[in-house]
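Chemist: Supplied in structure tokens, the structure appears directly below.
The values are calculated or read from the model by the stated rules, or taken from the named source; none is laboratory data. All figures in this text were calculated on a predicted structure; none of them were measured in a lab. Please note: Cβ atoms are built from the backbone with ideal geometry, for glycine as well, and neighbour counts cover all protein chains shown.
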Amino acid sequence: MRISSVTMFEQGVSSMNRQQGDFLKVSQQIASGRRVVNPSDDPQASSRAVGVSQSKAVTQQYADARVSARNSLAQGESVLHSVSDAIASAKTLLVKASSDTLSDVDRQSEAAELRGIYETLIGQANATDGNGRYLFGGYQDDSPPFARTAGGGVSGVEYIGDDNSRAQRIDASRLMPVADNGATIFRGVPSGAGYVARAERDTDPGSGNTLGVQESKGFYGNGGSVTFKGPSRVDADDPNYGKAMTLTFSVVGGVPSVAVADEGGNLIPVTGTISADGEARTLEFGGVSLTLEGMPADGDQIQLRPADHGDANQDLFKSLKDAIDVLEMDQQDLDENRAHFHNTLSSTMRELDNSLDNVLTVRASMGARLNELDVVDAVGSNRMMNYEQTLSDLVDLDYNEAVAEYSLRQVGLQAAQKAFVDVKGMSLFNYL
């Protein structure tokens, strides 16, 4: 078969171009470090790599969200650490102030110190995250959640945030609260909190009320000198345990008596009697016990409410304000004033205990969420490593194989060039 010179030239050039193309492809792979430089190099691997890259990007976004969530939770936990210290300091101060050895001036000094704690807690409740957002306002985080009320009000401040907790998605299947609202922290009690008692009557006793100081929710201070300790739980299985109860005192002929009724006015059996000479006596009713000392006035009342009852005080700021007001009060060396002082401090300290337990519960919850972030971070890191390994397997280059291929293509190109030179010299004109 006769082969023309043109055919040999074309085949030689085609061979060199093909070898140059293969050589260039390997060179690009080595330079980029990727086996798949163009989608046409491996369409299936390229398509899978796009999906893996998207998953990797989403995982990175969740990792960034966890950083933000961790910062928010850490700041909130730090503030609540200060709040719990402040409540503990207030409780210590009230224990000191409850001593009968202190004068009115001494108690007013303690009131000034307690007011400082009160102001500190308001500042902590209105803490920000450093970016201008308030930590404890729920979704209304652009303004202070606790605002001063006109005239002081019941607690001196009003919560104007919402009852929601800001949440952030930290993983595909986890939406985590990253900031608890102020109502939960400063106006709540932990589950399982017991009874709280307050000595007050639900109508103005008129001239019988020596104090003349109106309490919250329309109640007025008692006119007698009866004080209480407790209440303490005796029998949680009692059918009346957990109900709101009211002790109402009657004094006939100088002999005091007490009746206990629930919110519906139904009488509750009472074990024990009140001493006619004011000695301490313990009464048991509705699954709780209450120790009374002193003499009540006719019509005096002691309100017992479960800590989570709607009529029970759950406001930390009201508890502190009540304590400040009673510490600043001039007792005038009157038994009824001293009774009001001791009863208010007793109620306030019980409420502070509940508030401290509640703050510690929220802190524990924040700590648990921080620990969960660590766990999710570890899972996310493993997932990211898997994605990177999969992506590497799909598109990354095996340098050992590539270098061997590079040498082979170089030899092939050189051979094609040498063959072309040899073929080009095979012409009859060279021998004429």
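Chemist: For the range 224-239, what are the residues that are buried (at least 17 other Cβ atoms within 10 Å of the Cβ) and polar (S, T, N, Q)?
Modeler: Listed by number, the residues that qualify are Ser225, Thr227.
Chemist: Turning to a different aspect of this structure: Going through Asp262, Asp298, Asp308, Asp235 one at a time, which residue ends up being farther than 24 Å from Ala193 by Cα and charged (D, E, K, R)?
Modeler: Result of the check over Asp262, Asp298, Asp308, Asp235: Asp298.
Chemist: Next up: Is at least one residue of the range 333-348 modelled with pLDDT of 90 or more, part of a helix (DSSP H, G or I) and either outside the structural domain of Thr59 (by TED's automatic domain parsing) or closer than 30 Å to Leu73 by Cα (or both)?
Modeler: Checked the range 333-348: at least one residue is modelled with pLDDT of 90 or more, part of a helix (DSSP H, G or I) and either outside the structural domain of Thr59 (by TED's automatic domain parsing) or closer than 30 Å to Leu73 by Cα (or both).
Chemist: Here is a follow-up. Using the structure shown, decide if Ala150 is assigned by TED's automatic domain parsing to the domain that holds Val67, farther than 13 Å from Gly76 by Cα, free of Cβ contacts under 8 Å to residues at least 24 places away in the same chain and not in a strand (DSSP E or B). Step through it out loud before you land on a result.
Modeler: On the way: assigned by TED's automatic domain parsing to the domain that holds Val67: yes; farther than 13 Å from Gly76 by Cα: yes; free of Cβ contacts under 8 Å to residues at least 24 places away in the same chain: yes; not in a strand (DSSP E or B): yes.
So Ala150 passes the test.
Chemist: Among the residues of the range 122-133, is there at least one that is farther than 20 Å from Tyr159 by Cα, out of contact with any strand residue (DSSP E or B) (no Cβ under 9 Å at 6 or more places or on another chain) and outside any helix (DSSP H, G or I)?
Modeler: Yes - at least one qualifying residue is present in the range 122-133.
Chemist: Confirm whether Val376 is touching an Asp or Glu at 6+ places or on another chain (Cβ under 6 Å), among the β-branched types (Val, Ile, Thr) and either closer than 28 Å to Ser72 by Cβ or assigned by TED's automatic domain parsing to the domain that holds Ser109 (or both).
Modeler: Yes; evaluated as a whole, the condition is true for this residue.
Chemist: For the range 354-390, what are the residues that are free of Cβ contacts under 8 Å to residues at least 60 places away in the same chain and under 30 Å from Asp315 (Cβ atoms)?
Modeler: Ala364, Ala368
Chemist: Please go through the range 314-349 and give me each residue that is charged (D, E, K, R) and either buried (at least 20 other Cβ atoms within 10 Å of the Cβ) or in contact (Cβ under 8 Å) with a residue 12 or more places away in the chain (or both), ordered by number.
Modeler: Asp315, Lys318, Lys321, Asp322, Asp325, Glu328, Asp330, Asp335, Glu336, Arg338, listed by residue number.
Chemist: Quick one: Asp64 ticks every box in (1) modelled with pLDDT under 75; (2) surrounded by fewer than 15 Cβ atoms within 10 Å (Cβ to Cβ) bar one, so which box is it?
Modeler: (1)
Chemist: Residues Leu283, Leu247: which one is in contact with a strand residue (DSSP E or B) (Cβ under 8 Å, 6 or more places away or on another chain) and within 13 Å of Arg198 (Cβ to Cβ)?
Modeler: Leu247
Chemist: Looking only at the range 304-313, count how many residues are assigned to a loop (DSSP other than H, G, I, E, B) and crowded, with 23+ Cβ neighbours inside 10 Å.
Modeler: 2
Chemist: In addition: Go through (1) farther than 24 Å from Ala339 by Cα; (2) touching a residue at least 60 places away in the same chain (Cβ under 8 Å) one by one and return the number of the condition Glu110 breaks.
Modeler: Going through (1) farther than 24 Å from Ala339 by Cα; (2) touching a residue at least 60 places away in the same chain (Cβ under 8 Å) one by one, Glu110 breaks only (1).
Residue-by-condition table, conditions (1) under 30 Å from Gln124 (Cβ atoms); (2) of a type outside the set (Ser, Thr, Tyr); (3) at pLDDT 70 or above:
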position	(1), (2), (3)
Ser355	yes, no, yes
Thr361	yes, no, yes
Asp374	yes, yes, yes
Asp377	yes, yes, yes
Ala402	no, yes, no
